[in-house]
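Everything on this sheet refers to the single structure shown next.
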Amino acid sequence: MAKTGAQILVDMLIKKGVEYVFGIPGGAVLPLFDTLYDSPIKFILTRHEQGAGHAADGYARATGKVGVCLVTSGPGATNLTTAIATAFMDSTPLVAITGQVKRRFIGSDAFQEADITGITRPITKHNYLIKDIRDLPGAVNEAFHIASTGRCGPVVIDLPVDITTETWDGAIPEEVNLPGYKPRYQGNPRQIRLAAEAINHSKRPVVYTGGGIIHSGCHKELLEMAERGNFPVTTTLMGLGGFPEDHELSLGMLGMHGTLYANHAVTECDLLIAIGARFDDRITGKLDEFAPHAKIIHIDIDPASISKNIKVDVPVVGDAKNTLAELLPLIQPAERREWLEKIKEWKEKYPLSYDNSGVLPKPQYIIEQIWEVTKGDAVITTEVGQHQMWTAQYYTFTRPRTLISSGGLGTMGFGFPAAIGAQLGCPDKTVIDIAGDGSFQMNIQELATVVHHKLPVKVAIMNNGYLGMVRQWQELFYKKRYSQTHLEDNPDFVKVAEAYGAKGFRVERKEEVRPVLEKAMAIKGPVVIDFRIGEEENVFPMIPAGKTVKDAIREGTFGGMA
Amino acid sequence: MRHVITALVENKVGVLARIVGLFTSRGFNIDSLTVGETENPELSRLTVVVKGDDATIEQVRKQLGKVIDVIKVIDLTDTPYVERDLLLVKVNVPPGKRGEILEIVDVFRGKIIDVGQKDLIIELSGTEDKLEAMIKLLHTYGIKEMARTGQIAMARGSK
Ligand SMILES: Cc1ncc(C[n+]2csc(CCOP(=O)(O)OP(=O)(O)O)c2C)c(N)n1
Ligand SMILES: [Mg+2]
């Protein structure tokens with residue numbers, strides 16, 4: 001029986017097990033929305049397309065499944081681009097369907113026309129402009145396949161409206177045929193042997209892991225490997241949750257705002273075992289002084305990530321889980337007592353710490369309390385800024401997919417809509433967006449979405465009245481000239497929450513933190529908590545951009561600050 | 001160092017845009033880029049000439065390989081291969097110099113493909129060096145217009 005393009009697409013989405021689609025309708029997708037009206041797919045109407053994209057992304061990160069969003073042509077599609085770029089930088093599996101004007105109008109500057117395949121080419125893993133209904137099924141299959149295999153990423157399908165109304169009765173293929181796309185899952189055995197040799201010879205190894213651990217789901221193998229060889233493990237922001245931070249081999253996060261002991265360990269190590277991480281500049285600081293004494297092993301699914309920023313000695317292209325499974329039996333158990341002793345010294349000498357005096361609650365304290373109240377079993381999303389770094393530092397992540405944060409692109413406004421997706425994907429979990437007052441206002445309209453769907457998402461705003469992270473740089477490097485970082489006329493977030501139909505609380509004293517958190521967690525609906533923190537709180541330690549751990553600024557070592 | 005890299009790509013819309021975009025966004029410096037059909041109408045062959053250190057060239061190869069529609073990437077530089085560039089040049093013919101110019105064309109085994117009152121169009125194919133050498137000589141007479149295809153290349157022998 002002949003089906004319309006819209007019906008073909010919706011049937012394929014159902015067949016692929018898509019539970020939720022996030023988006024906003026418009027002229028070019030009217031036929032699609034009409035078809036969705038009768039389908040079992042639950043549509044989550046957001047209040048901005050960026051919110052839809054981040055929500056689909058959050059859903060994908062929380063569940064490991066492909067996130068799907070659907071928006072109209074032109075402005076609907078361009079509004080989605082930040083979310084696509086965010087997913088691209090953090091390798092999230094996302095399929096974004098954008099409406100397009102009728103085929104015969106393409107290229108004519110028609111109403112609500114934008115060249116979205118052109119615009120998204122550098123921020124997608126792949127994209128399609130469908131010009132013939134017969135290509136639609138193949139493109140949908142390929143899009144899901146490409147998005148969710150190899151190094152995951154977003155794929156855009158741009159669909160002209162006249163294709164959604166045209167009918168076709170051809171067979172829907174099941175398989176994909178992509179001769180140019182063959183991700184390598186199995187590491188080369190010779191390279192794995194070389195890696196094992198280097199590991200067994202190493203006296204001072206450090207394992208440095210990134211988001212790849214989470215994507216490939218190899219946290220168990222990682223733990224087993226670390227315990228067998230007594231390897232200290234440090235993770236990037238994206239890797240948090242991939243290794244239990246309450247484990248004695250954990251060094252926490254490394255890099256610009258990482259722990260000093262992680263950064264010292266990397267500086268002194270003789271072997272760096274990088275797994276599913278990409279040597280981002282926020283991690284390495286000054287490149288030629290990053291792990292200067294170390295031989296480097298790099299295990300990654302993306303060959304282009306290897307030796308991109310730093311020359312690697314033993315590259316292994318493959319999926320982290322498969323590779324670690326092969327590598328494990330080759331690793332000789334070792335105590336490495338001297339090295340672990342040294343690390344213990346650093347941990348004692350440079351612990352993460354903050355001054356908890358004063359009446360106002362400290363952000364670090366709030367985050368520790370969030371951890372305690374949720375027993376570390378929540379899904380935490382963050383926005384971007386100081387609050388994001390405090391979360392990374394002071395929330396003890398022990399399980400994968402419990403931190404959802406925009407690491408690569410650093411997108412303010414990501415955390416709240418991502419929390420919506422995460423909550424839908426994990427209905428039984430507590431989902432908390434740890435937000436900044438600046439970032440929250442970038443997608444604050446999604447309060448309507450959480451209220452409408454009665455999602456119990458909690459938003460904890462670390463309200464410093466500033467674009468705090470930028471202010472911190474101005475304080476440290478621009479003589480406190482606070483150019484355009486003071487948010488003097490922030491709204492009353494409690495009233496804003498209430499206006500949307502959510503609950504709102506304000507916390508201005510340290511002793512209120514715990515009881516208000518407990519009260520908020522007990523509420524079944526959405527809650528916004530406005531935590532008033534000091535205006536000039538800083539994130540320490542900090543290794544200034546392009547510098548090394550020797551130049552680290554610690555709490556109390558910077559004039560006037562504590 | 002100069003590298004000649006060829007890639008077999010699917011003959012689909014947007015492939016060329018994707019590859020050109022990749023070169024600009026990653027900051028790779030290309031001398032030339034050509035695309036054309038192959039023996040299989042569904043595939044095109046792309047030839048790029050890039051300059052860069054080993055790390056850059058490795059990135060070029062890997063980034064090209066990441067493009068979904070790219071099937072195979074080969075760096076010809078370390079294997080025996082042939083390369084050709086095609087040149088059309090309209091050269092000024094000063095009075096009394098026609099003979100000299102014809103001689104040059106002859107030495108390079110070029111072809112005269114159009115003769116005007118005061119100019120000639122010469123066709124020459126060959127390696128970059130050969131083309132450069134003739135262009136240099138023709139400069140003395142004045143080059144009015146020039147067009148080149150950029151390199152195409154192929155590995156020698158069976159493979
Ligand atoms: C969309 C976007 N615009 C600008 C920036 C630059 N930026 C990085 S952090 C930051 C301040 C964030 O302020 P807030 O959300 O209040 O967090 P805080 O640092 O105060 O905790 C800004 C403006 C960004 N990361 N993303
Ligand atoms: Mg702030």
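Checking the conditions here, which among A:ILE116, A:ILE146, A:ILE133 is open to solvent by less than 40 Å² (accessible area, probe 1.4 Å) and within 18 Å of B:LEU16 (Cα to Cα)?
The match here is A:ILE116.
Of all residues in segment A:375-399, those that are open to solvent by 10 Å² or more (accessible area, probe 1.4 Å) have Cβ atoms under 8 Å from Cβ atoms of residues that are away from ligand 1 (no atom under 16 Å from the Cβ) and assigned to a helix (DSSP H, G or I), 6 or more apart or on another chain, in A:TYR394/A:GLU368; A:TYR394/A:TRP371; A:THR396/A:TRP371; A:ARG399/A:HIS219. State whether one or more residues within segment B:22-31 are open to solvent by 60 Å² or more (accessible area, probe 1.4 Å), part of a helix (DSSP H, G or I) and not aliphatic (A, V, I, L, M). Within segment B:22-31 (the criterion being open to solvent by 60 Å² or more (accessible area, probe 1.4 Å), part of a helix (DSSP H, G or I) and not aliphatic (A, V, I, L, M)), the answer is yes, since at least one residue qualifies. Residue check: A:THR78 meets all listed conditions (1) within 16 Å of ligand 1 (Cβ to nearest atom); (2) open to solvent by 10 Å² or more (accessible area, probe 1.4 Å); (3) under 18 Å from A:VAL450 (Cα atoms) but one, namely (3). Residues considered: B:VAL4, B:VAL49, B:VAL67, B:VAL35. Of these, the only one that is within 10 Å of chain A (Cβ to nearest Cβ), buried (at least 16 other Cβ atoms within 10 Å of the Cβ) and not basic (Lys, Arg) is B:VAL67. Among the residues of segment A:519-531, is there at least one that is part of a loop (DSSP other than H, G, I, E, B), loosely packed, with under 13 Cβ neighbours inside 10 Å and assigned by TED's automatic domain parsing to the domain that holds A:ALA392? Yes; the residues of segment A:519-531 include at least one that is part of a loop (DSSP other than H, G, I, E, B), loosely packed, with under 13 Cβ neighbours inside 10 Å and assigned by TED's automatic domain parsing to the domain that holds A:ALA392. Applying the criterion of at least 1 residues that are under 18 Å from A:ALA418 (Cβ atoms) and touching a residue at least 24 places away in the same chain (Cβ under 8 Å) to the helices (runs of 4 or more DSSP H) found wholly in segment A:1-72 leaves A:49-63. Scanning segment A:120-165 for residues that are of a type in the set (Phe, Trp, Tyr) and more than 9 Å from chain B (Cβ to nearest Cβ) yields one hit, A:PHE144. Against the condition part of a helix (DSSP H, G or I), away from ligand 1 (no atom under 16 Å from the Cβ), modelled with pLDDT of 95 or more and not β-branched (Val, Ile, Thr), how does A:GLU475 come out, does it pass? When the stated conditions are applied, A:GLU475 does not pass them. Checked against the criterion of being in contact with a Cys (Cβ under 8 Å, 6 or more places away or on another chain) and not aromatic (Phe, Trp, Tyr), the candidates A:ALA304, A:ALA291, A:ALA334 yield just one match: A:ALA291. Taking first residues from segment A:290-309 that are within 14 Å of chain B (Cβ to nearest Cβ) and within 14 Å of A:SER91 (Cβ to Cβ) and partners that are aromatic (Phe, Trp, Tyr) and open to solvent by 10 Å² or more (accessible area, probe 1.4 Å), the Cβ contacts under 8 Å between residues at least 6 apart in sequence or on separate chains come to A:ILE301/A:TYR185.
Residues in segment A:282-315 that are open to solvent by less than 70 Å² (accessible area, probe 1.4 Å), over 27 Å from A:GLY385 (Cα atoms) and more than 24 Å from the chain's Cα centre (by Cα): A:PRO292, A:ALA294, A:ILE296, A:ILE297, A:VAL312, A:VAL314, A:PRO315.
Scanning segment A:102-157 for residues that are without any contact (Cβ under 8 Å) to a residue 24 or more places away in the chain and in contact with a Ser or Thr (Cβ under 7 Å, 6 or more places away or on another chain) gives a single hit, A:PRO122. Do we have any residue at all in segment A:158-174 that's under 24 Å from A:ASN322 (Cα atoms) and assigned to a loop (DSSP other than H, G, I, E, B)? Within segment A:158-174 (the criterion being under 24 Å from A:ASN322 (Cα atoms) and assigned to a loop (DSSP other than H, G, I, E, B)), the answer is no, since none of the residues qualifies. The number of residues in segment A:378-402 being more than 11 Å from ligand 1 (Cβ to nearest atom), out of contact with any Cys (no Cβ under 8 Å at 6 or more places or on another chain) and of a type in the set (Val, Ile, Thr) comes to 5. One residue alone among A:GLN364, A:GLN441 is surrounded by fewer than 21 Cβ atoms within 10 Å (Cβ to Cβ) and either within 11 Å of ligand 1 (Cβ to nearest atom) or more than 14 Å from chain B (Cβ to nearest Cβ) (or both), and that residue is A:GLN441. Of all the numbered requirements in (1) touching a helix residue (DSSP H, G or I) at 6+ places or on another chain (Cβ under 8 Å); (2) closer than 25 Å to A:VAL317 by Cα, A:ASP270 misses one, and that requirement is (1). Picking from residues in segment A:471-517 that are touching a Pro at 6+ places or on another chain (Cβ under 8 Å), hydrophobic (A, V, I, L, M, F, W, C) and under 24 Å from A:HIS452 (Cβ atoms), the one that is farthest from ligand 2 (Cβ to nearest atom) is A:ALA502. Quick check on segment A:105-116. Is at least one of its residues in contact with a helix residue (DSSP H, G or I) (Cβ under 8 Å, 6 or more places away or on another chain) and assigned to a helix (DSSP H, G or I)? Looking through segment A:105-116, at least one residue is in contact with a helix residue (DSSP H, G or I) (Cβ under 8 Å, 6 or more places away or on another chain) and assigned to a helix (DSSP H, G or I).
The set of residues from segment A:432-470 being under 16 Å from the mean Cα position of the chain (by Cα) and closer than 18 Å to A:ALA83 by Cβ comprises A:ASP433, A:ALA435, A:SER439. In the set (1) assigned to a loop (DSSP other than H, G, I, E, B); (2) open to solvent by 50 Å² or more (accessible area, probe 1.4 Å); (3) without any contact (Cβ under 8 Å) to a residue 24 or more places away in the chain, A:LYS203 fails one condition alone, (3). Selection of segment A:288-302 for residues being more than 18 Å from A:ALA265 (Cβ to Cβ) and either assigned to a loop (DSSP other than H, G, I, E, B) or at pLDDT below 95 (or both) yields A:ASP288, A:ILE301, A:ASP302. Checked against the criteria, A:PRO329 counts as at pLDDT 95 or above, closer than 30 Å to A:LYS182 by Cβ, in a helix (DSSP H, G or I) and open to solvent by 20 Å² or more (accessible area, probe 1.4 Å). In segment B:60-137, counting only strands (runs of 3 or more DSSP E) that sit wholly within it, the ones holding 1 or more residues that are within 30 Å of A:GLY180 (Cα to Cα) span B:70-75, B:81-92. Across segment A:442-464, the qualifying residues are those that are within 13 Å of ligand 2 (Cβ to nearest atom) and assigned to a loop (DSSP other than H, G, I, E, B), and the one among them that is nearest to A:ILE370 (Cα to Cα) is A:ASN464.
Taken together, the criteria exclude A:SER305 from residues that are hydroxyl-bearing (Ser, Thr, Tyr), within 16 Å of A:ARG336 (Cα to Cα) and in contact with a Phe, Trp or Tyr (Cβ under 9 Å, 6 or more places away or on another chain). Taking the criterion of being open to solvent by 10 Å² or more (accessible area, probe 1.4 Å) and more than 15 Å from ligand 1 (Cβ to nearest atom), the residues of segment A:403-435 that qualify are A:LEU403, A:LEU424, A:GLY425, A:CYS426, A:PRO427, A:ASP428, A:LYS429, A:THR430.
The values are calculated or read from the model by the stated rules, or taken from the named source; none is laboratory data. Model, not experiment: these values are computed from the prediction. Every residue, glycine as well, gets a Cβ built from its backbone with ideal geometry; the counts of neighbours run over all protein chains shown. Ligands, DNA and RNA are excluded from the accessible area calculation, which covers all protein heavy atoms including side chains. Shrake-Rupley method; radii C 1.70, N 1.55, O 1.52, S 1.80 Å.
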